[in-house]
Every structure is written in structure tokens, then in C-alpha cells.
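Novice: One structure follows; several queries about it will come next.
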Amino acid sequence: MSIPFNKPFSVGTEIDYLNQCFVNEHLAGDGPFTKKCEAMLEKILDGTEKVFLTTSCTHALEMTALLLDVQMHDEVIVPSFTFPSTANAFVLRGAVPIFADVRPDTLNIDETKIERLISPLTKAIVVVHYAGIACEMDAILDIAARYNLAVIEDNAHGLFGKYKGKPLGTLGSMATQSFHETKNLSCGEGGALVINDKKFVERAEYIREKGTNRSRHFRGEIDKYSWIDIGSSYVMSELLAAFLYAQLEASEKIQTRRREIWRRYEEGLRDWAKENSVKLPFVPAHCEPAYHLFYMVLPSFKEKNGMIDYLKKENINSIFHYQPLHLSKMGRSFGGRVGDCPVTEDISNNLLRLPFYNDYTAEEQNYVIQKIKEFKVKKAVLVDYHAPVCIINFLALIINSYLQCVFQS
């Protein structure tokens, strides 16, 4: 038995809908399927003002930077434990990313460490709901209100997740969604911009259409369109929207299945994890996860890589996740240093993700759980704290980067 980390998923109606695009003679964006997807997402994200499909979550993030008029030397607070797109969208506008550490329990941005990072140049706080489990939004929104800052939700993991009963993606001024191949719902590559503050809606439509009022022209509101703002080509193809619509129609079934997979992991590994000092995802009582991914945090960098290697030999593909942005080549160019975000540095060294896809069978998953439970985690080697901790962390990160290249090859 060979278990991939991820597998593209089809609900069965995608081809029919793609063919319908040709019948409609509409392959570019903003056709019937685009409008259906946006309406369905607005229903799922109850309380939002408007949803615009985009070519990717990355492009949706770039739109948030444009809508906030982010300028050269503005500062934007982002978690270090995230994908580079979270920071890149603002760096492209000349902003400086200010890297925040994450909580050791949920791996989300640590709300208690945000305020000390705020300066007169701060423009926004960007939060990432890691693994589809909510950040502590009440505290974050309170800080943002006191300093008059926008909050952007990078909700790439979080569609269908909730915070105190409210859908993730509806809590900040704006949010972004991903429909990449690895996400719960996918069209290969795609995303959405979620507008929760109506003052951004009209301009978002212009920015998304190359800075023109083309959409108003197609609605018959004006007799011709022109260039009126900055923008780019952020409109999703109608073909991708058709594929996505099929998955949106099946979203309840998909989420039910993913919930079963997530819970089977949690129940099957709970006792083993406790006995071996392995951390599994933590879900606060006031949060409902999106069931996007399932991870384990091993006691040490050595044990993490040992587990990946062991599972690979058993034909199971498990992989690591984000590397600290503040220690990347770009992050260091903005002043990032070893020790700035110690929780991020530790989690990045020791976390691995397990296979998780929509048609993952119980037989496949039970095989993975069985093999994990056969792995004996050795006690972590005690760190000599007489040695500088920063040097130890730095050496571990170098070794980690090298081994990850090996595992990826």
C-alpha cells in the first residue's frame, strides 16, 4: 500500500460543468459559474459584504494591500509561521513585514505579543488561522481597534471553520480564501477575496479588473469602460469557477468526510501521542476547526526527521511545513534574527503533516495510524543550556534545511 500526502479530488460533476462553459460560450471570468460560486461563498460566509473569486489566494492578498493603500515603509504585522505569500503581498507594495511569534498550542499568531510590535508605521495585522483553527480574534480585533489598524484574515486553511460561532473569514476587514489543489475544496489554483467592510467593495471590483470599471459596463450601468485605478488581472477563469462550483455543491459531504478523517487521527493517535510526548492539534472549546490538515509535533528535530524517513520506508508520504519567515533570506533582509520568534523556530523544526485528502479511505488511514504507533519515539536529548541557545537553534535550522531538501528530492 502506498499513501500519498495529497490526492486531487473530483466529485463527479466537474466535467459536465466544464462542458457547460463551452455551451455558454463563456470561458473568461465573471460568467454564470463565477456568479454562482460567489453567491454560494457569501452564503457560507454569512455576514460578509461581498466575495470576489480570484486567480489565487496570493492574488487576493495582493488586493488587500492595494485596498489598504499600503505604501513604501509601512509596516504590516504577520506571523513568521506562514507561507511567504502572507508577507509578499505587502512587500510588493514596499511595506516592511514585522514578524510575530505564534502560540505553542494552536500555532496561531500570539495575540499577547502583537501590541509590542506596533509602531507609528503599522498599517495592518495579518492573521493566519493555522490548520483551520481560529486565532484569538476578540483580543486581536480589540488591539486593532485601539490603534486604528486593519485586520486581514489569511483564511487559506479556514473555510468552514468557526470562532465563537462566527465563520472564519468574516471577522476582519477583509479575508482571503484558497482553492489550491491541497485545500478542502479545489479547482487546482484559485482563491477569493472576502470583503467585510463595504467601503472596499467598489474599489475591489476595479482593482480586480485591471483597474477598470469593466464590470459596470458589462452590467449595463455605463456605456463604456475606462482605466480609473491601479489594478491587475485577478479574475478567475470561468473554467476554474465551473470546476469549483461542483465542489461547492458537494461541500457538506466533503466536510463531513474530512471531519471523520480528522477525528480518526485524533482518536487513533491520542494515547500514543501522550505516551511519546507528541503534540497533536489543539482546538479551543470556542473554536470549530475547518478540518484542513492534521499534524504532529515530535519531541525533537531528530525524531521528526526520523518519523518522516520511517514512514517513507513504509510507503507513507508525510511532510514538514512552514520554515520561519524571519530566518529566510528575505526575512533576514528585513532584520530577522535567530531567537526573534522562538516558538516558531521550535515548531518548524519538529512539526510534520500526515496524509489528508478527500477520498482517503479508512483502510488507508488505519494503515498509517498503525505504522505511526509502531514507531518508538526516543526521549528528546536534553539541551545543554550552558551553551548559547541561539547557536543551538541556528545549527538545528541549518541541518533542518539540508535534510528537508533531501526529503523533497
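Novice: Exactly one condition in (1) in a strand (DSSP E or B); (2) closer than 26 Å to G165 by Cβ is false for P104; which is it?
Specialist: (1)
Novice: Condition first: touching a strand residue (DSSP E or B) at 6+ places or on another chain (Cβ under 6 Å) and at negative phi. Now tell me which residues in the range 208-240 satisfy that.
Specialist: Correct list: R208, T212, S215, Y225, W227, Y234, M236.
Rundown of residues vs (1) modelled with pLDDT under 95; (2) of a type outside the set (S, T, Y); (3) over 21 Å from H321 (Cα atoms), yes/no style:
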site: C341; (1), (2), (3): no, yes, no
site: T344; (1), (2), (3): no, no, no
site: P355; (1), (2), (3): no, yes, no
site: T361; (1), (2), (3): no, no, yes
site: E364; (1), (2), (3): no, yes, yes
site: Q370; (1), (2), (3): no, yes, yes
site: K378; (1), (2), (3): yes, yes, yes
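Novice: Determine whether F218 is touching a Phe, Trp or Tyr at 6+ places or on another chain (Cβ under 9 Å), surrounded by fewer than 22 Cβ atoms within 10 Å (Cβ to Cβ), farther than 21 Å from D154 by Cβ and assigned by TED's automatic domain parsing to the domain that holds L92.
Specialist: Spelling it out, F218 is indeed touching a Phe, Trp or Tyr at 6+ places or on another chain (Cβ under 9 Å), surrounded by fewer than 22 Cβ atoms within 10 Å (Cβ to Cβ), farther than 21 Å from D154 by Cβ and assigned by TED's automatic domain parsing to the domain that holds L92.
Novice: Output the residues belonging to the range 273-287 that are over 19 Å from the mean Cα position of the chain (by Cα) and either assigned to a strand (DSSP E or B) or crowded, with 18+ Cβ neighbours inside 10 Å (or both).
Specialist: Scanning the range 273-287 gives A273, N276, V278, K279.
Novice: Under 8 Å between Cβ atoms, which residue pairs at least 6 apart in sequence (or on different chains) link something in the range 31-44 that is assigned to a helix (DSSP H, G or I) with a partner that is among the hydroxyl-bearing types (S, T, Y)?
Specialist: Hits for this filter: F33/Y17; F33/Y245; K36/Y245; C37/Y245; M40/Y245; E42/T48; I44/S251.
Novice: Which of the residues that make up the range 309-352 are among the β-branched types (V, I, T) and surrounded by 21 or more Cβ atoms within 10 Å (Cβ to Cβ)?
Specialist: I316, V338, T344, I347
Novice: So, I152, is that one within 13 Å of the chain's Cα centre (by Cα) and over 19 Å from Y291 (Cα atoms) or not?
Specialist: Yes: the conditions hold for I152.
Novice: Got a number for residues in the range 78-98 being within 18 Å of L121 (Cβ to Cβ) and either in contact with a helix residue (DSSP H, G or I) (Cβ under 7 Å, 6 or more places away or on another chain) or crowded, with 18+ Cβ neighbours inside 10 Å (or both)?
Specialist: 11
Novice: A follow-up question, please. A290: surrounded by 20 or more Cβ atoms within 10 Å (Cβ to Cβ), assigned by TED's automatic domain parsing to the domain that holds N24, closer than 30 Å to L66 by Cα and at pLDDT 95 or above, yes or no?
Specialist: So A290 fails the test.
Novice: Only one residue in E202, E209, E111 is among the acidic types (D, E) and touching a Gly at 6+ places or on another chain (Cβ under 8 Å). Which one?
Specialist: E209
Novice: For a quick check of your reading of the model, give me the residue pairs whose first member lies in the range 290-308 and is within 20 Å of D154 (Cβ to Cβ), whose second is polar (S, T, N, Q) and modelled with pLDDT of 95 or more, with beta-carbon atoms closer than 7 Å and at least 6 apart or on different chains.
Specialist: Sorted first by the residue in the range 290-308, then by its partner, the pairs are A290/N184; Y291/Q255; H292/N184.
Novice: I109 versus (1) within 15 Å of the chain's Cα centre (by Cα); (2) crowded, with 21+ Cβ neighbours inside 10 Å; (3) of a type outside the set (F, W, Y); (4) within 30 Å of L240 (Cα to Cα): which is the lone unmet condition?
Specialist: All conditions are met except number (4).
Novice: While we're on this one: Say we look at the range 28-77 and pick out the residues that are of a type in the set (V, I, T) and within 30 Å of Y147 (Cβ to Cβ); which of these is surrounded by the most Cβ atoms within 10 Å (Cβ to Cβ)?
Specialist: T64
The values are calculated or read from the model by the stated rules, or taken from the named source; none is laboratory data. Just so you know, these numbers come straight off a predicted model, no measurement behind them. Cβ atoms come from the backbone with ideal geometry, glycine included; neighbour counts cover every protein chain shown.
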